[in-house]
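Let me begin by presenting the structure, written as structure tokens, before commenting on it.
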Amino acid sequence: DDLHVHELRDRRFGELSAGQRQRVLLQRLVDSDAELAALDEPTAAMDGPATAATYRTLRSLASTRQMTSVVATHEPAVAAPHANRIALLDPDGQGLVIGRPDEVIARPRFHQLFGDIPDDRAHEATHA
């Protein structure tokens, strides 16, 4: 149980922290037969290990069940190593870029919006 939700089974949903709630909801996705998941900031309230487990879980669903996940995030450096494709939506209405993580991250507009990705993250994103 990479998401560690079994330890939460005796608690009411309303008693859980925001990150724990997100892990429980992700487990519901794992237990479903969904073919598509749309996730808005799925790791916003999570710590590093839970974030990593979330993206490992989504990657596993993609490879074992061919589930497509569309993830909206303000942390592209965290998500990019786990993505096959990235869509960069420009908040100024200057366009949309879709491509492999290494292609999108290399664009000047990406750096204007998000800054530079640390070298270890950039390497992961371009070699995922």
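The values are calculated or read from the model by the stated rules, or taken from the named source; none is laboratory data. What you are looking at is a predicted structure, and each value in this text was computed from that prediction instead of being measured. Here Cβ is always computed from backbone atoms with ideal geometry, including for glycine, and neighbour counts include all displayed protein chains. The area values use the complete protein model at the heavy-atom level, side chains included, leaving out ligands, DNA and RNA. Shrake-Rupley method; radii C 1.70, N 1.55, O 1.52, S 1.80 Å.
Would you point out the residue of region 11-38, among those that are in a loop (DSSP other than H, G, I, E, B) and not charged (D, E, K, R), that is nearest to residue 72 (Cα to Cα)? Spell out the reasoning first.
Within region 11-38, the subset in a loop (DSSP other than H, G, I, E, B) is 11-12, 16-17, 32-35.
Imposing the further condition that a residue be not charged (D, E, K, R) reduces the set to 16-17, 32, 34.
Working: 16: 23, 17: 21, 32: 21, 34: 18 Å.
The qualifying residue nearest to residue 72 (Cα to Cα) is 34.
Quick check on my filter: what residues within region 89-105 are at pLDDT below 90 and in a strand (DSSP E or B)?
Those that are at pLDDT below 90 and in a strand (DSSP E or B): 89, 96, 97.
Of the conditions (1) under 18 Å from residue 117 (Cβ atoms); (2) in contact with a Gly (Cβ under 8 Å, 6 or more places away or on another chain); (3) surrounded by fewer than 19 Cβ atoms within 10 Å (Cβ to Cβ), residue 86 satisfies every one except a single condition; which number is it?
It fails just one condition, (3).
Restricting to region 7-37, give me the number of residues that are open to solvent by less than 90 Å² (accessible area, probe 1.4 Å) and farther than 16 Å from residue 65 by Cβ.
Taking region 7-37 and keeping what is open to solvent by less than 90 Å² (accessible area, probe 1.4 Å), we get 8, 14, 16-27, 29-30, 32, 34, 37.
Next, only the ones that are farther than 16 Å from residue 65 by Cβ stay: 8, 14, 16-25.
Summing the residues that are open to solvent by less than 90 Å² (accessible area, probe 1.4 Å) and farther than 16 Å from residue 65 by Cβ in region 7-37 gives 12.
Over 19 Å from residue 3 (Cα atoms), without any contact (Cβ under 8 Å) to a residue 60 or more places away in the chain, over 8 Å from the mean Cα position of the chain (by Cα) and in a helix (DSSP H, G or I), is that true of residue 77? Give the steps one after another, and end with the answer.
On the way: over 19 Å from residue 3 (Cα atoms): yes; without any contact (Cβ under 8 Å) to a residue 60 or more places away in the chain: yes; over 8 Å from the mean Cα position of the chain (by Cα): yes; in a helix (DSSP H, G or I): yes.
So residue 77 passes the test.
State whether the residues of region 47-61 include one that is modelled with pLDDT of 90 or more, open to solvent by 60 Å² or more (accessible area, probe 1.4 Å) and either part of a strand (DSSP E or B) or touching a Pro at 6+ places or on another chain (Cβ under 9 Å) (or both).
no
Could you tell me which numbered condition residue 124 fails, if it satisfies all but one of (1) open to solvent by 30 Å² or more (accessible area, probe 1.4 Å); (2) modelled with pLDDT under 90; (3) part of a helix (DSSP H, G or I); (4) more than 20 Å from residue 2 (Cβ to Cβ)?
Tallying (1) open to solvent by 30 Å² or more (accessible area, probe 1.4 Å); (2) modelled with pLDDT under 90; (3) part of a helix (DSSP H, G or I); (4) more than 20 Å from residue 2 (Cβ to Cβ), residue 124 fails exactly one: (4).
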